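Everything below concerns the one structure shown next.
Laboratory data are not the source of any read-out in this text; all were calculated from the coordinates shown. Small disclaimer: the values here were computed from a predicted structure and weren't measured. Note that we place each Cβ from the backbone using ideal geometry, even for glycine, and neighbour counts take in every protein chain shown.
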Amino acid sequence: MKIVEVNAFHYPFLGGIEHRIHHIAKRLAQNHEVTVLTGQLPGSPPDEEMGGYGVRRLPSKYINIYNPPYIKTPGLLEALGELKPDIVDFHYRWAPSYNKAARRYPGKKVFTFHNTFGEGVGMTRVPSILNDLLWKSPLRRFDQVVCVSDFVRRDLAGRGFNPGSLVTVPNGIEMPGILSRSEGDYILFVGRLVGTKGIPYLLKAMKNVDAKLVVCGGGPELRKLEKISARLDIGTKVRFTGRVPEDEKLKLFAGCRLFVLPSIFESYGIAAAEAMSYGKAVVASDVGGLPEVVGEGGLLAKPGDPKDLADKINLLLGDDAKRKAMGKKASELAGKYSWDSSAKMMESVYADAIKNDGRP
């Protein structure tokens, strides 16, 4: 098969969608011709080979009003015409140029739904809802809609989408080569610093938690979160690392006492699965796809409730046996989230879409 993955961003831009595309593309490239078609970030080459697949970057315009920035990429349809793929997987629905290309592309195509329908908080909430409402009709014209969790699949089916066109292919993780079960003196959050991650609730919870917190990641909320930390007078026990190299992030996973993901919206929760692969118990919000991922490897807290979040964190910090038992279970559960498995599932989805004579 000739496969093209279309997304607004790709490495060196780092995010959950980009990680998924990279890990699946490099596995599919062992037996298929795979190209990632994306926008060209400043300083990145127009063409590149990466992990056995090709990356083609088109000149783009960026407006840095949020993270990720607003992007406009002309020439997507023309590039697809030149590449002549058997199947195209579109991944992005928050930029008019990408939505236009996804709607108008006449060949076999699937769409991967990475986020909760209407996901957004604050200023992004209304635009997100409107964008997804407008996207409902074009989405029905795809051969398949890939959902990153059963939660996303059930949610879309409940919104009137044909269940026969929806398929779940979860994200994967790279299991650590040498599993470290050491524990430092901190709890950990890893992710983009955006409103949907619910980090202000974690900071408020820390008023009643006797532990250090490391917040790892970058994003538009950083200054706001630093101000909240100062206002709550918890600055001595909260450290914001900003973005860190991958090896440093993995060391933080390996050394934390437990991992916390206080999201308001979360379609999957790949950072939670990564922490679980290191044998770390998780405290996460009871939203979206997080219950599927966490399972018996942690505790679920009421979303947006600092007291319940603090209670769950304190329960695990105060009970070494329970925390370690959940960490062991977490490691076992994480083993089923394999990029090899996800790539095989996507290969089957693409093959079925190509054979499908009629759109759902």
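The alpha carbons of region 186-334 give a radius of gyration and a Dmax of 13.7, 40 Å, in that order.
Taking only the C-alpha atoms of the chain, the Rg (one decimal) and the largest Cα-Cα distance, Dmax (whole number), read 20.4, 62 Å. Using only the Cα atoms of region 46-107, build the gyration tensor, take square roots of its eigenvalues as a ≥ b ≥ c, and label the shape rounded, prolate or oblate: rounded if a/c is under 1.5, else prolate if a/b is larger than b/c, else oblate. Since a/c reaches 1.5 but b/c is at least a/b, the shape of region 46-107 is classed as oblate.
Determine the alpha carbon to alpha carbon distance for each of Lys197/Lys324; Lys61/Lys224; Lys212/Lys312; Lys307/Lys328; Lys207/Lys227; Lys204/Lys227 and list only those over 18 Å.
Distance filter (> 18 Å) returns Lys197/Lys324; Lys61/Lys224; Lys307/Lys328.
Using only the Cα atoms of region 76-160, construct the convex hull and provide its projected area averaged over every direction, in square nanometres to one decimal.
Taking the Cα atoms of region 76-160, their convex hull projects to 5.7 nm² on average.
Residue by residue, region 274-282 carries 3J(HN,Hα) couplings of 4, 4, 4, 5, 8, x, 9, 5, 10 Hz when phi is fed to the Karplus relation 6.51 cos²θ - 1.76 cosθ + 1.60 (θ = phi - 60°); x denotes Gly or Pro. For the listed peptides 14-24, 271-281, a ranking on the average number of other beta carbons within 10 Å per residue, highest first, reads 271-281, 14-24.
Expressed as a whole percent, how much of the Cα-Cα distance distribution for region 255-360 exceeds 19 Å?
Details: 2699 of 5565 pairs.
Everything past 19 Å amounts to 48 percent.
Sequence-ordered 3J(HN,Hα) estimates for region 217-230 from the Karplus curve with 6.51, -1.76 and 1.60 and θ = phi - 60° stand at x, x, x, x, 8, 4, 4, 4, 5, 4, 5, 4, 4, 5 Hz, glycine and proline given as x.
Close amide-amide hydrogen proximity is noted between Leu261 and Val283, Ala284, Ser285, each under 5 Å apart and 5 or more residues distant or on a separate chain (H modeled in the peptide plane; Pro and chain starts excluded). Radius of gyration (Cα atoms) of region 315-360, expressed as a multiple of 2.2 N^0.38 Å: 2.07.
The H on the amide N of Ile173, modeled in the peptide plane, is under 5 Å from the matching H of Ser338, Trp339, each at least 5 residues off or on a different chain. The Rg/Rh ratio for region 252-299 is 0.92, where Rg is the radius of gyration of the alpha carbons and Rh is the Kirkwood radius.
Which value, to two decimals, describes the C-alpha radius of gyration of region 1-128 once divided by 2.2 N^0.38 Å?
Values: Rg = 14.2 Å, N = 128, 2.2 N^0.38 = 13.9 Å.
Expressed relative to 2.2 N^0.38 Å, the Cα Rg reads 1.02.
The relative contact order of the chain, computed from alpha carbon pairs under 8 Å that lie at least 6 residues apart in sequence, is 16 percent.
Taking label points 7 Å from Cα along the Cα-to-Cβ direction, Leu58 and His32 give a separation of 2.1 nm. Modelled label positions at Ile228 and Glu292, each set 7 Å beyond Cα in the direction of Cβ, lie 2.7 nm from each other.
What the phi angles of region 31-38 give under the Karplus curve with 6.51, -1.76 and 1.60, with θ = phi - 60°, is a coupling list of 10, 9, 8, 10, 10, 9, 9, 8 Hz, glycine and proline written as x. Rounded, prolate or oblate: which fits region 117-203, taking a ≥ b ≥ c as square roots of the Cα gyration tensor eigenvalues, rounded meaning a/c under 1.5, else prolate when a/b beats b/c? The shape class here is oblate.
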